[in-house]
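The values are calculated or read from the model by the stated rules, or taken from the named source; none is laboratory data. No experiment lies behind these values; they were computed from the predicted model shown. Cβ placement follows ideal geometry from the backbone for every residue including glycine, while neighbour counts extend to all protein chains displayed. Just so you know, the surface numbers come from the protein's heavy atoms only, side chains and all, with ligands and any DNA or RNA stripped out. Shrake-Rupley method; radii C 1.70, N 1.55, O 1.52, S 1.80 Å.
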Amino acid sequence: MRILTYDVIVHNIGQLILPKASDYPLKGQDMKELNISEDAAIGIQDGKIAWVGRDAEARSLKSTERIDAEGKVVSPGLVDPHTHLVFGGSREHELSLKQAGVPYLEILAQGGGILSTVGSTKKATEEELYKKASFHLERMISYGVTTLEAKSGYGLDADTELKQLRVVKRLKEKYPISVVSTFLGAHAVPPGFKGKEDEFLDEMARLFEVINEEELAEFVDIFCETGVFTIEQSRKFLQQAKEKGFGLKIHADEIDPLGGTEMAVSLGAASADHLVAASDEGIRQLAEGDTVAVLLPGTTFYLGKDHYARARKMIDEGAAVALATDFNPGSCVTENLQMIMSLAALKLKMSAEEIWNAVTVNAAHAIGRASQAGSLEIGRSADFVIWDVPNYQYIPYHFGVNHAQSVYHSGNKLWERTAYGEIQLSSAR
């Protein structure tokens, strides 16, 4: 039914990107398709998309506010489904060691690596972590992200893990974007539990009750990798989480093909992440299931490795692929999902259409937000970005800069670029 007066009309859109909304993630051939509407307009009412049509038709529609897109590209707000947003300290001093070829285990032995971040996160107060995470979150918004996932995992003890999750909850309450929280207490084996990994996982599993009671996380994740947690340990831990009502995610097959991909599919995990070393069988099973392969090319790039996840094989064989920053202080220090889109084109050999689907609709499926984010269908939240580019193919092509002109969530402007810089608008509820 036509609304007499819309709250907002966005008109004069050069290209409107309309990923296909679906009850299931886009797989295989569907990832190669992207609906592009030219000379388009959208109508917004009560923070939701209420009308999508031609620009010529929009001229006759009444609205309280009109936004002139000036022939630019408009897309759904980007979705970043894998970040480590809350942590203390930083590790720039390790960069020279990496450049000198010092092995990670040696850096770890010197007190660096993940244990350095764990130490800094333990020492930081909740307020300090909140302030630091807010800075990074606002930068993500400026790059066009309106929905994201944030993990714990730099505590490795009950108090610090809960502190991180409470920070995420505060961010959800303050910022007018969608933030999904994931408990990653099983991120590494703390020094005091070497050889006692099962005991450590039992300790982390005991937190499920309080996390549920305080509504601190929707998902549980684990790092299944050589030298961290085995397939058997990971399966038991995730099964316990599933029984407590959590959605499942897994850091899988990043270095060695242990079978974490296959396990994720068998458990019905929302996503399996990294997958640089995923086996042919794992990829085959991804194609048969609905677990989303969340690929993190920025991590491979930052670590200086040559072997990237086999996105081309995954898509061509029928799997669902999403992209994420993996923003963290050790292996991928960037909040820029647009940069990840460029790496996906250059290193994963993904087409522009596949990339846009991977940072919108499929990324939303990977964090349980498929009914709310990743698409501009009628009835959905009006989360969108106006891009200062000539066409949708331009962003993967022109890398390393911010192409966002303005960012909106629920029809409200969050951020805008001005002629002389950038301003943050309405960042708090």
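For the structure I just gave you, tell me whether residue 273 is open to solvent by 60 Å² or more (accessible area, probe 1.4 Å), at pLDDT 95 or above and within 30 Å of residue 112 (Cβ to Cβ).
In short, no.
Going through segment 253-284 one residue at a time, which ones are acidic (Asp, Glu), under 21 Å from residue 359 (Cα atoms) and outside any strand (DSSP E or B)?
The one that is acidic (Asp, Glu), under 21 Å from residue 359 (Cα atoms) and outside any strand (DSSP E or B): 254.
Consider segment 101-133. How many of its residues are within 16 Å of residue 327 (Cβ to Cβ) and either touching a residue at least 60 places away in the same chain (Cβ under 8 Å) or open to solvent by less than 10 Å² (accessible area, probe 1.4 Å) (or both)?
Adding up the residues that qualify gives 5.
I'm checking my understanding of the structure. Among residues of segment 233-265 that are basic (Lys, Arg) and open to solvent by 60 Å² or more (accessible area, probe 1.4 Å), which one is farthest from residue 207 (Cα to Cα)?
Once the filter is applied, the top-ranked residue is 235.
Show the residue pairs that are 6+ apart or on different chains and have beta-carbon atoms under 9 Å apart, the first residue being within segment 285-311 and in contact (Cβ under 8 Å) with a residue 40 or more places away in the chain and under 16 Å from residue 358 (Cβ atoms), the second being in a helix (DSSP H, G or I) and among the hydroxyl-bearing types (Ser, Thr, Tyr).
308/300
Among the residues of segment 172-200, how many are over 25 Å from the mean Cα position of the chain (by Cα) and open to solvent by less than 10 Å² (accessible area, probe 1.4 Å)?
Qualifying residue count, segment 172-200: 1.
Filter segment 153-171 down to the residues that are surrounded by 19 or more Cβ atoms within 10 Å (Cβ to Cβ) and either among the charged types (D, E, K, R) or not in a helix (DSSP H, G or I) (or both) and list them by number.
Result: 153, 154, 155, 156, 161, 163.
Within segment 276-295, how many residues turn out to be under 30 Å from residue 96 (Cβ atoms) and open to solvent by less than 10 Å² (accessible area, probe 1.4 Å)?
So the answer is 1.
Cβ-Cβ under 7 Å, sequence separation 6+ or interchain: first residue in segment 70-86 and closer than 18 Å to residue 49 by Cβ, partner open to solvent by 10 Å² or more (accessible area, probe 1.4 Å) and aromatic (Phe, Trp, Tyr). Which pairs?
73/392
I'd like to know if segment 134-152 contains one or more residues that are out of contact with any strand residue (DSSP E or B) (no Cβ under 7 Å at 6 or more places or on another chain), closer than 28 Å to residue 202 by Cβ, open to solvent by 50 Å² or more (accessible area, probe 1.4 Å) and in a helix (DSSP H, G or I).
Taking every residue of segment 134-152 in turn, none turns out to be out of contact with any strand residue (DSSP E or B) (no Cβ under 7 Å at 6 or more places or on another chain), closer than 28 Å to residue 202 by Cβ, open to solvent by 50 Å² or more (accessible area, probe 1.4 Å) and in a helix (DSSP H, G or I).
Sort out which residues of segment 65-86 are under 25 Å from residue 393 (Cβ atoms) and open to solvent by less than 10 Å² (accessible area, probe 1.4 Å), and write them in order of number.
Across segment 65-86, the qualifying residues are 69, 73, 74, 75, 76, 77, 78, 79, 80, 81, 82.
Would you call residue 353 of a type in the set (D, E, K, R), open to solvent by 30 Å² or more (accessible area, probe 1.4 Å) and either at pLDDT 95 or above or more than 24 Å from residue 152 (Cα to Cα) (or both)?
yes
Under the condition of being in contact (Cβ under 8 Å) with a residue 60 or more places away in the chain and among the acidic types (Asp, Glu), which residue from segment 209-227 is least open to solvent (accessible area, probe 1.4 Å)?
If we take residues in segment 209-227 being in contact (Cβ under 8 Å) with a residue 60 or more places away in the chain and among the acidic types (Asp, Glu), then 221 is least open to solvent (accessible area, probe 1.4 Å).
Filtering segment 384-412 down to residues that are among the β-branched types (Val, Ile, Thr) and assigned to a strand (DSSP E or B), which residue is farthest from residue 139 (Cα to Cα)?
Per the criteria, the residue is 386.
Return yes when residue 429 is part of a loop (DSSP other than H, G, I, E, B) and modelled with pLDDT under 95 and no when it is not.
Yes.
Report every pair of residues separated by at least 6 positions or lying on different chains whose Cβ atoms are under 7 Å apart, first residue within segment 40-55 and on the phi < 0 side of the Ramachandran plot and touching a residue at least 24 places away in the same chain (Cβ under 8 Å), second in a helix (DSSP H, G or I) and of a type outside the set (Val, Ile, Thr).
Qualifying pairs under 7 Å: 40/55; 41/55; 41/58.
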